[in-house]
Amino acid sequence: MLISMNWINDFVDLSGLDLPALIQRFTLSTAEVEDVFEMGRDLRGVVAGKIISVENHPDSKKLHLLKVDGGDKIYDVVCGAPNVREGLIVPFVKEGGMVGGQEIGMAKLAGYESHGMCCSERELGISADHSGLMELPDDTPVGRDVTELYGIIDTVFEVDNKSLTNRPDLWGHYGIAREFAALSGRELKPLETVSLKQFDNLEPIDIDVQDKELCYRYSGLKVRNITKKVSPVDMRIRLFYCGSRAINLLADLTNYLMLEMGQPMHAFDCAKVDSIRVKRFDAPFTFTTLDGTERRVDENTLMICTKSGNGLEDTPVAVAGIMGGLDSEIEDDTDSLLLESANFDAASVRKSSTRMGLRTDASMRYEKTLDPEMTVPAIGRFMKLLLDIDPGAQVISKLTDVYVKHYPKVELSFDKGYVDRYTGIEIDDGRIIDTLLSLGFEARQEGGRFTVGVPSWRATKDVTIKADIIEEITRIYGYDNFDIATTMSPLYPRRRSAGAKADNFVKDILVQTYGLHEVHSYIWQDAKKCRILGIEPEDNIKLINAQTPDHEVIRRSMGPTLLSVVQENRAFGADFGVFEIGRAAEGLNEDGLVNERKKLGIALFSRTLEERELYLKLAGIMKALGQSVKRTELRLANCEPRFKWQHPRNTAVIMAEGEALGWICTLTPSVLGSIDRKAAVVCGQLDMDMFSELKEGGLSYKEPGRFPGIDIDLSVVMPEGMRFADMEPAWEGSGYLAGVSLIDSFRQAGRRSLTLRFGFSSLEKTLSKEEVQPIVDGIIEKLGEAGAVLRS
Amino acid sequence: MKERIEGLRESFERELKSAGSSEAVEKLRVAYLGRKGSVTELLKGLKDAGANEKKELGQHINSLKKTVEQRLSERVGEIKAAEEQREIESAERYDVTLPTGGDPGSYHPITVVQRQLEEIFTSMGFVVEDYKEIVTDYECFEAVNIPKDHPARDMQDTYYLENGQLLKTHTSAAQNFILRKYGAPCRAIFPGRCFRNEATDASHENTFFQMEGIMVDKNISISNLIYFMKTMLSEVFQRDVKVRLRPGFFPFVEPGFELDINCLICGGEGCSTCHHSGWVELCPCGMIHPNVLKMGGVDPEEYTGFAFGLGLTRLVMMKYGVKDIRDLNSGNLKALGQFRHE
């Protein structure tokens, strides 16, 4: 929102103060100023000049040769404007002067010298009008600097609208002026209004608020005999500086009022609208707003209507709080009006405006929950401005005011200790009272207790509790003026949650031990990326308002996400791995809430390892996580795949404490092929919520053996289908056996051979071969029973 | 006998000189000191000598034996040293400048910065909490004083799920849980992933990280809030940071602030990064709204507290000069593979 300091000066005298510093304080105490514009300061030597003669240029149809009285002398000027005529007074830049930041020197135009320039409003920077020269009134003293005639020199600043969302009172200059009054310690002048009591004996307007839920107040007044059509220059300049556009007197006045008081108003042509009905319709219909657009109005949208006789449906004339209708618009020949000054439900206006895709200056203000007390003073102010401009205008109705919803009066009470505790600094009583009074609050202090009455313009939602008063006191006090201090709070040991601890540990191991790369992705599955991989999208709970249907399903596992990452990075290196600790959803719980799970996903890619080696590497990583983070053993076992893209023969479940914590898998040939035909890719997932809940294994220290042990290598050939785990019972519990390790493994004639190293040792003595041999024989025998054959 | 001894001594010296390898020296050792070696034979021959002679000759032979042993081991040492030298000289000089492979892994930059922040806050007695990403309307809005008709709840800002739950739009969605879990007094930070339903471009993402913190106790004041923010940000940026507070409106705090820090690029002089204001808006903060405390089971008449929300993603971008926010969720290892633990 753009704010004119000239306008502010109407209400609070800021003369002699450092304006830039004051505007800076406004940022720190009220709302953020995004930009400051100095208006009119790029004009120099622009005076009211009188055209005393006009001659056609001999060689040009458009150009004229003028003699212009600049007050000091007569200037020869070549001018191309269409509206030049003798006796016209225009803004005139003398040779050597400046306009729009550009110096005007003597120029030769089509063979004639021009010693100055006559200006349009746009050239002066006071409107967008460049249709011709600005025409000044006939009684304008010739030679007077135009910046003295009108409020052209101004400081205008732009406030960030977002920082005003909770301050309905700041959507007009008067409210902003109140802040400047409080910040500068100067007095806020009352708004000059016309007393509306004098019209009480006139006929009321037929106003019927049928929708008492969405319309809080509707005030109206009828006026006729309006003869002036064009707004005064100063008013038009202010409208332009504040981002509006002059249209005609009545439209300009409603806009001016809104920019001044924050109260949106609407002027209906009295010839078309002479009664008011405020209501919603039962069925949707189309309605043409005054911007000429046909819009769909639904049954939730509050409408302003006028009564149609003969039992017909009322005629809609405006979308309440948003925009008027084309048919009832003020036109240039309108001489009577029905003035609306109303208050509507904020949420309803916002929602209607969102549904219609129509956000206006009025709806923006109503959305903020305006003060309904403002409607009548706004009419009084409107009439004051109108009568100043057009004294012949005549009020023909009494003020008709349907006040449906009053906000309760807010009164708050607190003691000084409350302020001290909340601020942490000492602000003296007098300062507290003065600040509140300057902001329009009622404030008194009795026996150390403050009682504060909240003014109506702050009481619609903004100031409702004691803490809100703290903000008023402290922001005007200035946060820059605070002494800052640390707290005097006792400290307690707080342990990291198991989840956060496990996450960090896992990341460290994956990055530092295995050289994997951590990535981040999205909580939804990306259907488009799944299609590239040839993965059928998983079915799961959906978002109802995703940006694209491809992103609407919440992912069920981390697999497809990480496989996409691998696929997109396949040129990154010959061997790499990625992981993410992210969220996935496994459908809904019994209570209807999403079963959200924190998951670790890992995917490995290799051009140097065989798929089997990569798969076992991933199994090793998962097991290492169990040992390092939880000192517990994670067991893997072949299982049926859960997803169609997992390889049916090489999917394994990760088990601990009898529960499945995750899986690892290779990919079906088609999915693998869509990533890279010449590489191996495996992926796995671990439920981090379950993992971090696992009981941590203790550490019981074992003495290292002091006596040399004996290693025995056995090579066994396993029949088809046999797994290492099937052989384990053959040696489990064997005497002196300290460990079994895999030395070699190869596949021959469809069968796998393993070379196992059995380490035997004793804590008491050096073992002899003779002592170990019977144990080894026992193992061999059991292996044989299990089906494994010793390779000679 | 004596002559034989001297003769052996001489022949040993002669042969030793010509023994050029460890093997030759070993042969020599066997020839002189072995079971059937010349010196051994001499000693054996002593038993036939008389008692006086035995003593004298014995001394001579033993002296020869010692000399032979000593000379042999000297010679072995010389030969080994020479062999070692030859081996060293013939060895390949390895090229350490060759590419080594085995590149280390990488942490996501969010993890890197998050850990730094966690370290700072834990050193100040804050506990680190983690929270869900899919939450209820109550957690995300109701419990943090965002009323039913607030624009933040509109569909265009929030991702809603079929079952009425939503993707958390801010880390504040965990406030209620944390207040209930710890009660007062309480110091906690809770980093997390947040979601906003908007179109993405270089500076907008629908999925990003925030880190929120709260501190609740008796007499926590605005003065304390400013102190903690300044201290924390000075730690984050590793320099003395100037902060300023402006009024800011957030339903879950009262009063609420926008916190600016002096621009770290220009030092407050004004540059394009700070739009020539010298200040950069960094994090919203404020005194926890009494309604939020109440809903968290904390009595607002007895306790006060402050809360702040740091844009973790934004901090990462500032810290590393990441220009396109989408790089962070891209999974592109050319971008992400660069980040290491700090």
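The values are calculated or read from the model by the stated rules, or taken from the named source; none is laboratory data. Since the structure is predicted, the reported quantities are computational estimates derived from the model, not experimental observations. Cβ sites come from the backbone with ideal geometry, for glycine too, and all protein chains shown count toward neighbours. Accessible surface areas use protein heavy atoms only, side chains included; no ligands, DNA or RNA. Shrake-Rupley method; radii C 1.70, N 1.55, O 1.52, S 1.80 Å.
Just a few scattered comments:
- Its Kirkwood hydrodynamic radius, worked out from the mean inverse distance over all distinct Cα pairs, puts the range A:242-390 at 15.7 Å.
- Averaging the Cα positions of each part gives two centres, and for the range A:292-318 and the range B:306-342 these lie 53 Å apart.
- Accessible surface for the protein assembly as shown, divided over its residues, is 46 Å² per residue with a 1.4 Å probe.
- Entries in A:501/A:598; A:50/A:228; A:623/B:181; A:501/A:623; A:644/A:695; B:2/B:54 that, when Cα-Cα distance is taken, lie over 23 Å: A:50/A:228; A:623/B:181; A:644/A:695
- Heavy-atom accessible area ranking, 1.4 Å probe, most first, across B:97, B:122, A:140: B:97, B:122, A:140
- Helix A:346-356 vs. chain A, principal-axis angle (Cα, 0 to 90°, nearest 10): 80 degrees
- Contact residues in the range A:1-44 by the 30 Å² criterion (accessible area, 1.4 Å probe, full protein complex versus chain alone): A:27, A:28, A:32.
- When the charge dipole of chain B is built from unit charges on Cβ atoms (+1 for Lys and Arg, -1 for Asp and Glu) and taken about the Cα centre, the candidate among B:52, B:127, B:38 whose Cα reaches farthest toward its positive end is B:52.
- Given their separation in residues at 0.36 nm each and the Cα-Cα distance between them, residue A:2 and residue A:571 gain 199.5 nm when the chain is fully extended.
- Qualifying GluC sites (Glu not before Pro) in the range B:79-171, DSSP loop, other Cβ atoms within 10 Å at most 14: B:92, B:162
- Options A:171, A:156, A:141, ranked by Cα towards positive dipole end of the range A:134-177, top entry (Cβ charges): A:171
- FRET efficiency for residue A:394 and residue A:131, using Cβ-Cβ distance with R0 set to 30 Å, rounded to 0.05: 0.35
- For the range B:79-133, Kirkwood radius (reciprocal of mean inverse C-alpha pair distance, Å): 17.0 Å
- For the range A:717-732, backbone phi angles converted through the Karplus equation (6.51, -1.76, 1.60; θ = phi - 60°) give residue-by-residue couplings of 10, 9, x, 3, x, 7, 10, 4, 4, 6, 8, 3, x, 5, 10, 4 Hz, Gly and Pro being listed as x.
- Once all protein chains are placed together, residue B:334 keeps about 150 Å² accessible to a 1.4 angstrom probe.
- For residue A:752, the accessible surface of its heavy atoms amounts to roughly 50 Å² (probe 1.4 Å, protein chains only, rounded to the nearest 10).
- Site pair residue A:444 and residue A:723 shows an inter-label distance of 8.5 nm when each label is modelled 7 Å from Cα along Cα→Cβ.
- Full extension of the segment from residue A:771 to residue A:200, taken as 0.36 nm per residue of separation minus the current Cα-Cα distance, would add 193.4 nm.
- Within-15-Å neighbourhood charge of residue A:712 [Cβ basis; K, R +1; D, E -1]: -3
- Farthest positive-ward along the protein assembly as shown dipole, Cα basis, beta-carbon charges - from A:383, B:312, A:481: B:312
- Shape category assigned to the range A:641-792 from the gyration tensor of Cα positions, a/c cut at 1.5: oblate
- Rg [Å, one decimal], Dmax [Å, integer] - chain A, C-alpha atoms: 41.8, 134
- Accessible-area ranking of B:150, A:173, largest first, probe 1.4 Å: B:150, A:173
- Ignoring lysines fewer than eight residues from residue A:765 along the same chain, the ones with Cα atoms less than 22 angstrom from its Cα are A:702.
- Local net charge near residue A:37, Cβ-Cβ under 10 Å (Lys/Arg +1, Asp/Glu -1): -3
- Once the Cα-Cα distance is subtracted from the 0.36 nm per residue extended length, the residue A:44 to residue A:505 segment shows a gain of 158.9 nm.
- Count Lys and Arg as plus one, Asp and Glu as minus one, and take only other residues whose Cβ is under 14 Å from that of residue A:184; the net charge is then -1.
- Test item: A:414-425 mean partner chain Cβ contacts at 10 Å: 3
- Restriction of the GluC sites (Glu not before Pro) in the range B:278-319 to DSSP coil positions whose beta-carbon has at most 14 other beta-carbons within 10 angstrom yields B:301, B:302.
- Shown for the range A:286-378: the carbon plus sulfur share of the solvent-accessible area, taken with all protein chains present and a 1.4 angstrom probe, equals 43%.
- Dipole magnitude for the range A:284-374: about 600 debye, using +1 per Lys or Arg Cβ and -1 per Asp or Glu Cβ, origin at the Cα centre.
- Simple point charges give the picture: +1 on the Cβ of Lys and Arg, -1 on the Cβ of Asp and Glu, and for the range A:85-214 a dipole about the Cα centre of about 480 debye.
- In this Cβ point-charge picture (+1 for Lys and Arg, -1 for Asp and Glu), chain B has a dipole of about 1800 debye about its Cα centre.
- Heavy-atom accessible surface of residue A:707, to the nearest 10 Å², is about 70 Å², with a 1.4 Å probe and all protein chains retained.
- Cβ-derived FRET efficiency at R0 56 Å, residue A:333 paired with residue A:298, nearest 0.05: 0.95
- Figure legend: label point modelled 7 angstrom from the Cα of residue A:485 along Cα→Cβ; residues of the range A:412-433 with amide N under 12 Å from it are A:420-427.
- Restricting the trypsin sites (Lys or Arg not before Pro) of the range B:193-237 to loop positions (DSSP other than H, G, I, E, B) with no more than 15 neighbouring Cβ atoms within 10 Å leaves B:218.
- Listed pairs B:218/B:319; A:528/B:132; A:461/B:132; A:272/A:368 exceeding 28 Å between Cα atoms: B:218/B:319; A:461/B:132; A:272/A:368
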